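Take a look at the structure below.
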Amino acid sequence: MGFLKILLIFIFCSFPWPSSQSDLDTYIVHVEALKSLLSTQSSLRDLESYYLSFMPKTTTISASGNEETARMIYSYHNVMKGFAARLTASQLKEMEKKPGFVSARRQRILSLHTTHTPSFLGLQQNMGLWKDSNNGKGVIIGVIDTGISPDHPSFSDVGMPPPPAKWKGVCQSNFMKKCNNKLIGARSYVLDDGSPIDSNGHGTHTASTAAGAFVKGANVFGNANGTAVGVAPLAHISVYKVCNPAGECSDPAILAAIDAAIDDGIDILSISLGGDQRRI
Ligand SMILES: *[C@@H]1O[C@H](CO)[C@@H](O)[C@H](O)[C@H]1NC(C)=O
């Protein structure tokens with residue numbers, strides 16, 4: 001067994017969701033998997049055009065005067081066969097009649113959570129579970145959260161080896177220079193915030209809790225002076241931003257991030273988000 005695989009904190013609650021001001025809502029649509037699209041020859045593009053065949057052909061002009069067209073915003077291929085789309089209620093009704101439609105539900109917004117796993121496990125240097133571990137060497141942790149502050153000393157790659165050969169993920173183009181052998185991937189799935197930079201703080205907190213490097217002399221105005229470190233200080237981090245700065249995380253974006261993380265080759269997902277729905 002490799003290092004501790006413990007960072008899966010993933011709570012989805014199901015409560016009815018109030019309708020938003022716009023005429024369009026975001027839905028996660030589940031469709032049947034076509035046998036012809038499951039063959040190894042069929043490409044993601046074929047899958048996408050199958051998904052697009054469920055979408056309405058017409059442009060929507062909402063009653064409120066805000067012109068917005070129904071559109072697909074994420075398409076999924078690993079976690080489920082389906083997609084997320086902005087639709088009106090009547091467009092959804094039309095979609096439900098199409099062969100291959102399975103189900104649809106309105107998006108939910110999750111909020112930020114935290115964890116006490118390190119103290120629960122009694123992680124202290126040269127003691128407990130840590131003593132016999134390799135500090136997470138060679139492990140890739142996917143952090144699905146508010147993004148990351150890449151210049152934080154916890155994400156220094158001093159002493160870090162390059163990512164394992166199986167790694168297929170990327171740092172998106174406007175972030176490439178921020179990545180290193182510790183922070184090996186970063187992408188944003190927030191529709192109106194294309195940068196993986198963390199302007200909330202939660203994602204930086206969870207990423208450094210999971211895999212932050214040893215940082216000596218960490219203190220708050222001289223208090224609690226000591227060494228800060230994550231659970232797996234030699235693990236690599238790949239960041240998937242799904243929450244806006246206000247800490248609102250849509251489940252269609254979370255699903256898109258998980259779908260991508262599977263393609264990328266991550267070993268563990270850290271998802272410290274949960275119930276307590278709020279509207280965007
Ligand atoms: C924190 O502790 C280190 C090592 O004992 C010391 O060198 C440093 O000056 C301390 N920093 C503060 C702000 O107290």
Contact order normalised by residue count of the stretch 111-274, Cα under 8 Å, 6+ apart, percent: 38
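Can you pull the semi-axes for the stretch 111-274, root of five times each eigenvalue of the Cα gyration tensor, sorted largest first, whole Å?
So the equivalent ellipsoid measures 24, 18, 15 Å along its semi-axes.
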Once R0 is set to 22 Å, what does the formula 1/(1 + (r/R0)^6) return for the Cβ-Cβ distance between residue 177 and residue 199, expressed as a FRET efficiency to the nearest 0.05? 0.75
Apply the Kirkwood formula to the stretch 202-280: the hydrodynamic radius equals the inverse of the mean of 1/r over all pairs of different alpha-carbon atoms; give it in Å with one decimal. 14.4
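Please give me, ordered by residue number, the chymotrypsin sites (Phe, Trp or Tyr not before Pro) of the stretch 202-241 that lie in loop per DSSP and have at most 10 other Cβ atoms within 10 Å.
Here the chymotrypsin sites (Phe, Trp or Tyr not before Pro) that fit, given the DSSP loop and packing criteria, are 221.
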Tell me the label-point distance for the pair residue 224, residue 121, using the 7 Å Cα-to-Cβ offset, in nm and rounded to one decimal. 1.9
Residue 132 versus residue 114: modelled label distance in nm, points set 7 Å from Cα along the beta carbon direction: 3.2
At 7 Å along Cα-to-Cβ for each site, give me the label-to-label distance between residue 49 and residue 72 in nm. 1.1
Can you give the FRET efficiency to the nearest 0.05 for residue 246 and residue 166, using r as the Cβ-Cβ distance and R₀ = 30 Å? 0.25
Once the Cα gyration tensor of the stretch 151-212 is found, what semi-axes does its equivalent ellipsoid get, as square roots of 5 times the eigenvalues, in whole Å, sorted largest first? 19, 16, 10
Alpha-carbon radius of gyration plus Dmax, which is the widest Cα pair, for the chain in Å: 20.7, 65
For the chain, what does -39500 (n - 2.57) per DSSP helix run (n ≥ 4), summed and divided by total residues, give at 222 nm, in deg cm²/dmol to the nearest 500? -5000 deg cm²/dmol
Near the amide H of residue 74, under 5 Å away, which other amide H atoms are found, from residues 5 or more places off or on another chain, if H is placed in the peptide plane? 84
Put in order of increasing Cβ neighbours within 10 Å, starting from the fewest, 106, 45, 71, 187 give 45, 71, 106, 187
Scattering profile of the stretch 70-206 at q = 0.10, 0.12, 0.19 Å⁻¹ [log10 I(q)/I(0), Debye over alpha-carbon scatterers]: -0.52, -0.71, -1.25
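Read-outs throughout are calculated quantities, based only on the coordinates presented, and are distinct from any laboratory measurement. Keep in mind the model is a prediction, meaning the values are calculated, not measured. Counting neighbours? That spans all protein chains shown, and the Cβs are built from the backbone with ideal geometry, glycine included.
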